[in-house]
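One structure is given below, encoded as structure tokens.
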Amino acid sequence: MLQVLRVLVLLVLMVPMVLAEQSTTTTTTTAAPHQAPVPLRTFTPEEIAAMAATMPEGAGRELTVTVCGQCHEPQRAASVRLTREGWADVVAKMVGLGARGSDTELEQVTDYLATNFKGEAPKPINMNTANSVELESVAALLRKEAAAWIAYRNTKGGCKTLNDLKKVAGLPFKKIDERRDRLVCF
């Protein structure tokens, strides 16, 4: 079961990397001799600070944003809850896919993720795939509110961030914001 969970986590983390390869980037590096060049993003100090502000405070937060943000939104990794061993496996996999950092930096990233996104936390629900029952039980939405979100995402597409839900008529964002730690969009 744990192995299946790890595979699912890695798949969730890899999709944005594929999409990132299609976007415009500022630098390129080769991840491994047998892989194509992996585009990497570079950030200004202001961009790093803005992304870091959305994550829990702690040693290694900005470094995690810098390393993980090369390929995907750092919050995407933060939507997963794993044990230290699980995070070490994810970081190793990401290095294999092109993430760059010294051994010390990668250890600090693993420490930050393992401390702030522990495996014991309840698994958040994805607002883009959650059914009505999940939306009602986890997000505490009323049946009509869950129906409003499902209708919206079916016609206009899902959310990229929880803040995207502010524009959905009939969906009280206050409820979403109060349960932010249990909800994700990807």
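The values are calculated or read from the model by the stated rules, or taken from the named source; none is laboratory data. Computed from a prediction, not measured in an experiment: that's the story for all the values here. Don't worry about glycine lacking a Cβ; one is built from the backbone with ideal geometry, like all the others, and counts go over all protein chains shown.
Select, from VAL138, VAL95, VAL80, the only residue that is of a type in the set (Val, Ile, Thr) and over 28 Å from THR42 (Cα atoms).
Exactly one of VAL138, VAL95, VAL80 is of a type in the set (Val, Ile, Thr) and over 28 Å from THR42 (Cα atoms), namely VAL138.
Would you call ALA140 in the same structural domain as ALA53 (by TED's automatic domain parsing), of a type outside the set (S, T, N, Q) and surrounded by fewer than 21 Cβ atoms within 10 Å (Cβ to Cβ)?
It is false that ALA140 is in the same structural domain as ALA53 (by TED's automatic domain parsing), of a type outside the set (S, T, N, Q) and surrounded by fewer than 21 Cβ atoms within 10 Å (Cβ to Cβ).
Of the residues ALA92, ALA151, ALA139, ALA130, which is of a type outside the set (D, E, K, R) and touching a residue at least 12 places away in the same chain (Cβ under 8 Å)?
Residue meeting the stated conditions: ALA139.
Take residues that are at pLDDT below 95 and closer than 30 Å to GLY58 by Cβ and tell me which of the helices (runs of 4 or more DSSP H) falling wholly in region 81-186 contain 1 or more.
Passing ranges, in order: 84-96, 103-116, 132-137, 173-178.
Kindly provide the set of residues from region 109-135 that are surrounded by fewer than 18 Cβ atoms within 10 Å (Cβ to Cβ) and more than 18 Å from the chain's Cα centre (by Cα), ordered by number.
Hits for region 109-135 are ASN131, SER132, VAL133, GLU134.
Quick check, is MET55 without any contact (Cβ under 8 Å) to a residue 40 or more places away in the chain, under 17 Å from VAL184 (Cα atoms) and either hydrophobic (A, V, I, L, M, F, W, C) or not in a helix (DSSP H, G or I) (or both)?
Criteria not met by MET55.
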